[in-house]
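Undergrad: Before anything else, here's the structure in question.
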Amino acid sequence: MRRRGRPPWPSYLVVAVGAVLTVVPFLDMVMTSFKGPGEFGTLPYRFLPEAFDPANYRAAIHQLDLPVLFRNSVVATTLITGSVLLTSSLAGYALAKLRFPGRDLVFRLVLSTMMFPPFLFLIPHFLILVHWPLAGGNDLTGRGGAGLTASVVALALPFLVSGFGIFLTRQFLVSLPDEVLEAARIDGAGEFAVWWRIVLPQTKPVLLTLGLLTFVDAWNEYIWALLVSTADPDVMTLPVGIQLLQDHVDPARTTPVVMAGLVLSVLPVLVLFLLMQKHYVRGVMLSGLK
């Protein structure tokens, strides 16, 4: 009884150490963004700036075309998140509750897409977009222009469907009672009405979790956005633009400006997570996500 009544101090210690290791780098980024010239890179290392001067934020906003970068990031992230939620809920419902020939094979194919590294498809995706017919000055054979790489749509196209999202939604819907769906069908509801009126409201927790994960991944996407922006700088996103602030000749001078840009980039994701934290935790618990 005494052992059961004791607080689990080792567990508290592990959680506290993990919290410190997680929060300190973020706080260091914020503190560095307020450091003046000559403060970064000096020894001994100073965590706090001498004066909290927002000059680095003004420099980041002045050097970057922030409205354009922010617009491109918002458009691409919105397209990706909306498409992933729609396709995952529809495909997850079909693979979990509808019976048709080859359903298990389709599900295995969806799982197989999660086994390949995303970098494997970067060049094929780029070549497909470059040679897209009748787009960006291309003719019917896909030659003569830049294809879809000259538009913001190129930032989102390779990520509109997520195998992980389909898998997560399908695993959640397996536990949904079939009797509820059958009752709706007996009342005359079609499959789309069943999905819209019954399945979609039931999957709200897992869709919120999936939406938050997808939003963060899409917002922070760098490699693909960098590849697309080499074809057209007008479709550059925030992560790519912030990287251009870095001067490798004098990093001690430009790093605080880069950190200020990173803080501006992280703020939308941080605000979204704080607003959806309760739903995110609930979705993780209900979906069994590990």
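The values are calculated or read from the model by the stated rules, or taken from the named source; none is laboratory data. Note that this is a predicted model, so its numbers are computed, not measured. Quick reminder, even Gly has a Cβ in these numbers, built from the backbone with ideal geometry, and neighbours come from all protein chains shown.
Undergrad: So which of Pro25, Pro54, Pro49, Pro37 is within 22 Å of the chain's Cα centre (by Cα) and either farther than 19 Å from Val216 by Cα or surrounded by fewer than 11 Cβ atoms within 10 Å (Cβ to Cβ) (or both)?
TA: Only one candidate qualifies: Pro25.
Undergrad: Give segment 27-56 a look and list any residue that's of a type in the set (Phe, Trp, Tyr) and farther than 17 Å from Gln246 by Cβ, or say none.
TA: Phe34, Tyr45, Phe47, Phe52
Undergrad: Select from segment 86-97 the residues that are of a type in the set (A, V, I, L, M) and either in a loop (DSSP other than H, G, I, E, B) or out of contact with any Lys or Arg (no Cβ under 9 Å at 6 or more places or on another chain) (or both) and write down the one among them that is nearest to Leu212 (Cα to Cα).
TA: Out of the qualifying residues, it is Leu86.
Undergrad: May I ask you to verify whether Thr113 is under 30 Å from Met29 (Cβ atoms) and not basic (Lys, Arg)?
TA: When the stated conditions are applied, Thr113 does not pass them.
Undergrad: Give me the helices (runs of 4 or more DSSP H) completely within segment 1-85, filtered to those with at least 1 residues that are aromatic (Phe, Trp, Tyr), ordered by residue number.
TA: The helices (runs of 4 or more DSSP H) meeting that bar are 9-32, 55-63.
Undergrad: Restricting to segment 99-118, give me the number of residues that are at negative phi and surrounded by fewer than 12 Cβ atoms within 10 Å (Cβ to Cβ).
TA: Residues in segment 99-118 being at negative phi and surrounded by fewer than 12 Cβ atoms within 10 Å (Cβ to Cβ): 12 in total.
Undergrad: Okay, next question. Checking Asp65 against (1) without any contact (Cβ under 8 Å) to a residue 60 or more places away in the chain; (2) out of contact with any Lys or Arg (no Cβ under 9 Å at 6 or more places or on another chain); (3) of a type in the set (Asp, Glu), only one condition comes out false. Which one?
TA: Condition not satisfied by Asp65: (1).
Undergrad: Counting just the residues of segment 127-166 that are at pLDDT 90 or above and part of a loop (DSSP other than H, G, I, E, B), which one comes out surrounded by the fewest Cβ atoms within 10 Å (Cβ to Cβ)?
TA: Filtering segment 127-166 for residues that are at pLDDT 90 or above and part of a loop (DSSP other than H, G, I, E, B), the one surrounded by the fewest Cβ atoms within 10 Å (Cβ to Cβ) comes out as Leu160.
Undergrad: Let me ask something else. Pairs only if they're at least six apart or on different chains, beta carbon under 6 angstrom, first in segment 175-192 and within 17 Å of Gly92 (Cα to Cα), second surrounded by 12 or more Cβ atoms within 10 Å (Cβ to Cβ) and of a type in the set (A, V, I, L, M); list them, first residue then second.
TA: Hits for this filter: Leu181/Val194.
Undergrad: For segment 119-126, does any single residue satisfy the condition of being over 21 Å from Val235 (Cα atoms) and exposed (fewer than 11 other Cβ atoms within 10 Å of the Cβ)?
TA: Yes; the residues of segment 119-126 include at least one that is over 21 Å from Val235 (Cα atoms) and exposed (fewer than 11 other Cβ atoms within 10 Å of the Cβ).
Undergrad: From the residues in segment 167-209 that are in a loop (DSSP other than H, G, I, E, B) and either under 23 Å from the mean Cα position of the chain (by Cα) or acidic (Asp, Glu) (or both), which one is modelled with the highest pLDDT?
TA: Thr203
Undergrad: Output yes when any residue across segment 170-183 is among the aliphatic types (A, V, I, L, M), under 27 Å from Ala76 (Cα atoms) and surrounded by 11 or more Cβ atoms within 10 Å (Cβ to Cβ), and no when none is.
TA: Checked against the condition, which is being among the aliphatic types (A, V, I, L, M), under 27 Å from Ala76 (Cα atoms) and surrounded by 11 or more Cβ atoms within 10 Å (Cβ to Cβ), segment 170-183 yields no hits at all.
Undergrad: May I pose another question? With in a loop (DSSP other than H, G, I, E, B) and at pLDDT below 90 as the only criterion, which of Phe100, Phe119 stands out?
TA: Phe100
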